[in-house]
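A quick write-up on the structure given underneath.
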Amino acid sequence: MAALAEVYRRFSAAAPSPLYARVALALSESEEALRVLGRRPAAVLAALHDLALAGEAPALAAAYASGDGDAAARAAVDAVLRMPDLAARRPLRPDETGRYAVLHPAVAEVARRVRASTVGLVDVGRAAGLNVNIDRVGITYDNGQALGDPTSPAQVSAAVVGGRPVPAGAVPEVVARVVVDRDPVSVTDAEDVRWLRACVPPERVAALDAELAAAAPSQLLRGDPVELLPAAVARVPADALPVVTTTWTLSTLPLDARLRFLHRLDDAAERPVAWVSVEGVGVAPSVPTFGDRRASGHSIIGLTVLERSALRTEAVGRCWSRGRLLAWLA
């Protein structure tokens with residue numbers, strides 16, 4: 001039990017929100033709760049949040065709504081003791097929000113290079129596929145630049161490092177939005193949306209709700225994202241540029257699967273196909289790394305264009321904090 005308590009203490013120290021930090025610490029200090037808890041704090045916290053959102057833990061819901069960490073801690077322990085079979089009801093969907101501040105300039109730039117007037121966005125490995133809505137949000141940068149839709153309910157911000165601005169071009173008209181994942185989430189299904197909300201800390205639910213309000217319906221493909229790539233690209237009209245996006249998706253795959261991703265993308269490239277990657281250093285096959293070391297704490301923004309087995313690829317920037325800080329280097 002001491003080892004499990006340490007797992008929750010460590011999670012508390014690095015928790016993505018103050019409320020989760022306080023709840024995880026309270027669970028680590030309750031011997032009764034530890035007797036029934038699993039070893040995955042993130043899954044337990046998502047399950048608790050789901051109970052709160054479903055109205056099955058009203059005291060916890062009220063504490064989360066008010067931001068009262070002490071009340072949340074008490075209510076969470078009580079919920080665990082009342083429901084000892086507490087467990088995540090679906091695979092965790094952490095970090096599902098879109099990475100618009102990085103993707104918008106990258107997609108606009110690759111479309112400009114290919115001279116595309118329309119694009120189809122294909123997002124890989126993010127269940128809700130919010131990345132396909134880059135044209136439907138407003139983005140502001142701390143250097144004074146603004147991109148996207150200033151009237152959108154979803155407004156995000158990011159900081160720019162270095163002296164180069166991000167490309168100021170607009171994303172062309174989006175004529176297709178395709179999400180490919182093993183367990184895709186429909187943003188129009190109430191149960192799917194509730195679980196998606198449960199997988200983010202309470203402090204970030206409002207931002208997620210704004211992104212969901214801005215989201216357009218997408219085509220969902222269920223299955224192995226790598227194997228389904230050609231089928232996903234085929235959903236994009238013939239006169240539009242397919243732009244495949246991966247944001248920290250390939251890092252979850254073994255090396256052979258990452259290499260197969262590139263081969264399957266090549267299989268779909270009977271016409272120009274673009275790939276915008278935001279992955280850790282050395283993770284995306286063929287994307288240069290600026291000579292950076294692996295596990296260096298930042299990610300590489302890559303632009304790749306494939307057509308009939310010809311491949312053109314370039315690293316165009318670095319980003320940190322999941323896209324909230326970026327340096328455009330192209």
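The values are calculated or read from the model by the stated rules, or taken from the named source; none is laboratory data. Please read all numbers here as calculations on a predicted model, not as lab measurements. Note that each Cβ is placed from the backbone with ideal geometry, even for glycine, and that neighbours are counted across all protein chains shown. These area figures cover heavy atoms from the full protein model, side chains too; ligands, DNA and RNA do not enter into them. Shrake-Rupley method; radii C 1.70, N 1.55, O 1.52, S 1.80 Å.
Please go through the range 187-224 and give me each residue that is over 15 Å from the mean Cα position of the chain (by Cα) and not in a helix (DSSP H, G or I), ordered by number.
Correct list: Thr188, Asp189, Ala216, Pro217, Ser218, Gln219, Leu220, Leu221, Arg222, Gly223, Asp224.
Name the residues in the range 23-79 that are open to solvent by less than 20 Å² (accessible area, probe 1.4 Å), in a helix (DSSP H, G or I), under 20 Å from Leu196 (Cβ atoms) and of a type in the set (A, V, I, L, M), would you?
Result: Val23, Ala43, Val44, Leu45, Ala46, Ala47, Leu48, Leu51, Ala52, Leu60.
Which residue, of Val171, Val175, is aliphatic (A, V, I, L, M), open to solvent by less than 30 Å² (accessible area, probe 1.4 Å) and at pLDDT 95 or above? It would help to see each step written out before you state the result.
Numbers: Val175 fails: open to solvent by less than 30 Å² (accessible area, probe 1.4 Å).
Val171 is the lone residue from the list that is aliphatic (A, V, I, L, M), open to solvent by less than 30 Å² (accessible area, probe 1.4 Å) and at pLDDT 95 or above.
Given the criteria over 27 Å from Ala15 (Cβ atoms), at pLDDT below 95 and not basic (Lys, Arg), does Phe290 qualify?
yes
Count, please, the residues in the range 103-151 that happen to be within 25 Å of Glu191 (Cβ to Cβ), among the small types (Gly, Ala, Ser) and in contact with a Phe, Trp or Tyr (Cβ under 9 Å, 6 or more places away or on another chain).
Summing the residues that are within 25 Å of Glu191 (Cβ to Cβ), among the small types (Gly, Ala, Ser) and in contact with a Phe, Trp or Tyr (Cβ under 9 Å, 6 or more places away or on another chain) in the range 103-151 gives 1.
Exactly one of (1) among the β-branched types (Val, Ile, Thr); (2) modelled with pLDDT of 90 or more; (3) under 28 Å from the mean Cα position of the chain (by Cα) is unmet by Thr97. Its number?
Among (1) among the β-branched types (Val, Ile, Thr); (2) modelled with pLDDT of 90 or more; (3) under 28 Å from the mean Cα position of the chain (by Cα), the lone unmet condition for Thr97 is (2).
Could you check the range 240-271 and list, in sequence order, the residues that are open to solvent by 60 Å² or more (accessible area, probe 1.4 Å) and in contact with a strand residue (DSSP E or B) (Cβ under 7 Å, 6 or more places away or on another chain)?
Ser251, the sole residue that qualifies.
Looking at (1) outside any loop (DSSP other than H, G, I, E, B); (2) among the aliphatic types (A, V, I, L, M); (3) surrounded by 17 or more Cβ atoms within 10 Å (Cβ to Cβ), find the lone condition where Leu311 falls short.
Going through the list (1) outside any loop (DSSP other than H, G, I, E, B); (2) among the aliphatic types (A, V, I, L, M); (3) surrounded by 17 or more Cβ atoms within 10 Å (Cβ to Cβ), Leu311 breaks only (3).
Show me the strands (runs of 3 or more DSSP E) found entirely inside the range 94-158 where at least 2 residues are open to solvent by 10 Å² or more (accessible area, probe 1.4 Å).
Output list reads 138-141, 146-148.
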